[in-house]
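Worksheet: the structure to be examined is printed underneath.
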Amino acid sequence: MKEHLQTQLAGFFISVTLINAAMFVLGLMLQPDLRFGYEAFAYPLIYGVIGTVPGLVMYSKKELTVKQTLIREFIQMMLIVALIIGFMFGRFNITSVHVPQIIGVSISVMIIYVLVHVFAWLMDLKTANKMTEDLKVFQARESSGKE
């Protein structure tokens, strides 16, 4: 469970960074003249929490098959999209003006979700490679000591 919480925390920080980048790009594309106050700094943190909560809730101690994992990841991604869209647009009476924004945000959330998993995988790969190298050094040291 501790490892899962650490993974979710790392995912939160990666998400917040990517959310900032997405907000910048979408803002320039959809509303380039809009300016924000300091409260805008809180939104990436809020969205990061919203994006992390489903990962905490959908945790399973049971080892899942690849198919189960992919289905769970897809459901989790769709849940995050729905939660963020609901948070962002839930208080509005949705009109055709909001449709490009909703589409842009939905695509951004999906891209961010995939990138968070890619970055987490790369960090895990780096850790695994480091452990493999350490193990090789240890084995070499052990085998030279037995001769």
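Of the set (1) within 13 Å of the chain's Cα centre (by Cα); (2) within 21 Å of Tyr43 (Cβ to Cβ); (3) modelled with pLDDT under 90, all apply to Met110 but (3). Taking the residues in region 75-98 that are loosely packed, with under 15 Cβ neighbours inside 10 Å and within 21 Å of Phe13 (Cα to Cα) as candidates, determine which candidate is modelled with the highest pLDDT. Among them, the one singled out is Ala82. Could you look through region 34-63, keep only residues that are in contact with a helix residue (DSSP H, G or I) (Cβ under 6 Å, 6 or more places away or on another chain) and among the aromatic types (Phe, Trp, Tyr), and pick out the one that is modelled with the lowest pLDDT? Across region 34-63, the extreme among qualifying residues is Tyr59.
The values are calculated or read from the model by the stated rules, or taken from the named source; none is laboratory data. From a predicted model like this one, the values you see are computed outputs, not experimental measurements. Positions of Cβ are backbone-derived with ideal geometry, glycine not excepted, and every protein chain shown enters the neighbour counts.
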